[in-house]
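Working notes, beginning with the structure itself.
The values are calculated or read from the model by the stated rules, or taken from the named source; none is laboratory data. Because the structure is predicted, anything quoted here is derived from the model rather than measured. As a convention, Cβ positions derive from the backbone with ideal geometry for all residues, glycine included, and neighbour counts pool all protein chains shown. In case anyone asks, the SASA skips ligands and DNA or RNA and just uses the protein heavy atoms, side chains included. Shrake-Rupley method; radii C 1.70, N 1.55, O 1.52, S 1.80 Å.
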Amino acid sequence: MEEYCSIILNNVTAKQSGRRLLNQISFTLNAGEHLAVFGASGSGKSLLAKALRGALAHTGSVIYKQGNRPVQPVVAYVPAEHPLKNSSPANNFYYQQRFINTEEGGTTLAEALSVQGDATSVAQWLEKFRLAHRSNIPLVQLSYGELKKMQLIHHLLTRPDILILDRVFTGLDVKGRKILHTVINQLAAGGTTIILITDSHELPASITHFAEMSEGAVINYAPVEKLGFMNSMRPRETEAPLPPLKKAYHIGPLISMKQVNIRCGDTVLLRNMSWQVNNGECWLIKGHNGAGKSILLSLINGDNPQAYTQQISLFGKKRGSGESVWDIKRRIGFVSPELQNFFDRNITIFQAVGSGFFDTIGLFQPLDEAQTQKVNGWLSFFSLGDEAGRLMTSLSGGEQRLVLLARALIKDPLMLALDGPCQGLDDSQSRMVIRLLERIHSETGMTLLFISHYEDEVPSCVKHIMELENGVPTIYKKVARPSIALSKNHALTQSLS
């Protein structure tokens, strides 16, 4: 299609089991205009995207026109999550597979993309997203951010007329987000209509209009110049009492690593890692996509068997000296994008949180009365108390992340290891999580390992920084922290001093 098309929605309504998912949505995005969709987690943004793509049953109409003529454009939808498929007979990857160096085979990045486009186009997009050097790496070895870039390239190779991007900045490092801004603006200038589900802090210059959603309805639709009047930008701060938490106290270092080297085939993932984390310390672990951050956490959380061959001690015991994986996991509350992607979504919210007592992905035994009360207390804290019986599949990505954070806290861990805990959360939820972590550290002394690509997501209790560059660590200790404004436009600087 050589020209932009207009998109007309008339009373688009979707229901499921008597529950209204989308509520009488009507607006027109004229040819040449580009839309950002905002709203709180669970407000219906992704459902609207699916309706535009034709993937959600609804009443009302979605009409595409070029001039006065109805058309059927190529619509590409890049979802917020990416389901990985193994290269061997269409089985799903399992959660720990990325950290287990069992084989060199498997579909590579270039091979996966070649299904959608020719070699020249694939090479051009890999170069644009700075992934050319990773083209022959198996998918299982790619970082979350690298997989997000692959997912985007896969859809761009279809040369869409309309490109719907659902939280596509999530998980990308600073350089990756800058590149994506440029790509979006170039596509918009070249004839592709952009519909972007995001927050107000990641707004490419090409966006002309915004739609604000709440409870499945569009409550505000206007030119982007009026963005400051958006209702969801107004702070909604609450200071609910914390559920009871035990003091987090341990004698001696929680983590001790000496000259740790981790490989996958010929690829060095971590090089000469020497690091000690003492009780009560709060660390930011930073670095570009693929730098080794998640690999480092896998060694700590008991998910990487290479830990047994290295000089790694956790909670005073050397790995391989007789402790079980479960002995390690019960002391650590863990959240990551990979855990969320592989978590069983066909269990209830209550079961998901309760599984944290046993570090299982699913609840396989009944809880006692004290455990039940504790689950209900955390669900109430996260405003999910009335939703305990709902399936995880019914929640938005942001709501699922809050459930997994409650799961991590349910067992009173000595340490929280959080990989992008604010990914997928709306602004209000992000502020709540940051404040929660600050309160927990203040009241219990809990140790915190925190990964984020955004400066404003780093809790004020963080005083130590480790930066990874291609698996090589640089450590900054006792960093003097300034006050950090809540603006995701400000990327992480070289240090937070």
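Flag set for Asp303, criterion: assigned to a loop (DSSP other than H, G, I, E, B), open to solvent by less than 30 Å² (accessible area, probe 1.4 Å) and over 19 Å from Asn279 (Cβ atoms).
Could we say that Ala291 is over 19 Å from Met415 (Cβ atoms), among the hydrophobic types (A, V, I, L, M, F, W, C) and touching a Gly at 6+ places or on another chain (Cβ under 9 Å) here? Against the criterion (over 19 Å from Met415 (Cβ atoms), among the hydrophobic types (A, V, I, L, M, F, W, C) and touching a Gly at 6+ places or on another chain (Cβ under 9 Å)), Ala291 qualifies.
Mind listing just one residue for me: the one in region 248-264 that is open to solvent by 30 Å² or more (accessible area, probe 1.4 Å) and farther than 18 Å from Ile328 by Cα and, of those, nearest to the chain's Cα centre (by Cα)?
Taking region 248-264 first, the residues open to solvent by 30 Å² or more (accessible area, probe 1.4 Å) are 249-253, 258-259, 261, 263.
Remaining after also requiring farther than 18 Å from Ile328 by Cα: 258-259, 261, 263.
Working: Lys258: 30, Gln259: 30, Asn261: 27, Arg263: 25 Å.
The qualifying residue nearest to the chain's Cα centre (by Cα) is Arg263.
Please state which one of Phe382, Phe343 is open to solvent by less than 20 Å² (accessible area, probe 1.4 Å), without any contact (Cβ under 8 Å) to a residue 40 or more places away in the chain and within 30 Å of Leu22 (Cβ to Cβ).
Working: Phe343 fails: without any contact (Cβ under 8 Å) to a residue 40 or more places away in the chain.
Checking each option against the conditions leaves just Phe382.
For region 81-129, a residue qualifies if it is modelled with pLDDT under 60, β-branched (Val, Ile, Thr) and within 25 Å of the chain's Cα centre (by Cα), and exactly one does: Ile100. Please verify whether Phe334 is within 21 Å of the chain's Cα centre (by Cα) and of a type in the set (Phe, Trp, Tyr), treating the condition exactly as stated. So Phe334 fits the description; yes.
Screening region 105-197 for helices (runs of 4 or more DSSP H) wholly inside it with 2 or more residues that are among the charged types (D, E, K, R) returns the ranges 119-128, 144-156, 174-189.
Checking the conditions here, which among Leu416, Leu437, Leu405 is closer than 30 Å to Leu165 by Cβ and either touching a strand residue (DSSP E or B) at 6+ places or on another chain (Cβ under 6 Å) or assigned to a loop (DSSP other than H, G, I, E, B) (or both)? Steps first, please.
Working: Leu416 fails: closer than 30 Å to Leu165 by Cβ; Leu437 fails: either touching a strand residue (DSSP E or B) at 6+ places or on another chain (Cβ under 6 Å) or assigned to a loop (DSSP other than H, G, I, E, B) (or both).
Exactly one residue qualifies, and that residue is Leu405.
Would you confirm whether any residue within region 33-50 is farther than 21 Å from Leu196 by Cβ, out of contact with any strand residue (DSSP E or B) (no Cβ under 6 Å at 6 or more places or on another chain) and open to solvent by 70 Å² or more (accessible area, probe 1.4 Å)? Within region 33-50 (the criterion being farther than 21 Å from Leu196 by Cβ, out of contact with any strand residue (DSSP E or B) (no Cβ under 6 Å at 6 or more places or on another chain) and open to solvent by 70 Å² or more (accessible area, probe 1.4 Å)), the answer is no, since none of the residues qualifies. Which residue is modelled with the lowest pLDDT, if the candidates are limited to region 10-32 and must be farther than 23 Å from Pro223 by Cα, open to solvent by 60 Å² or more (accessible area, probe 1.4 Å) and not hydroxyl-bearing (Ser, Thr, Tyr)? Selected residue: Gly18. Looking at region 112-123 only, could you name the residues that are open to solvent by 40 Å² or more (accessible area, probe 1.4 Å) and either of a type in the set (Gly, Ala, Ser) or touching a residue at least 12 places away in the same chain (Cβ under 8 Å) (or both)? Correct list: Ser114, Gln116, Ala119, Ala123.
Of the residues Leu245, Leu284, Leu299, Leu270, the single one that is at pLDDT 90 or above and within 17 Å of Asp359 (Cβ to Cβ) is Leu299. Output yes when any residue across region 205-214 is out of contact with any helix residue (DSSP H, G or I) (no Cβ under 9 Å at 6 or more places or on another chain), part of a strand (DSSP E or B) and at pLDDT 90 or above, and no when none is. Looking through region 205-214, none of the residues is out of contact with any helix residue (DSSP H, G or I) (no Cβ under 9 Å at 6 or more places or on another chain), part of a strand (DSSP E or B) and at pLDDT 90 or above. Pairs, please: C-beta under 8 Å, at least 6 apart or cross-chain, first residue at positive phi and in region 249-265, second part of a loop (DSSP other than H, G, I, E, B) and open to solvent by 30 Å² or more (accessible area, probe 1.4 Å)? So the pair list comes out as Gly252/Asn279; Gly252/Gly316; Gly265/Asn101; Gly265/Glu104.
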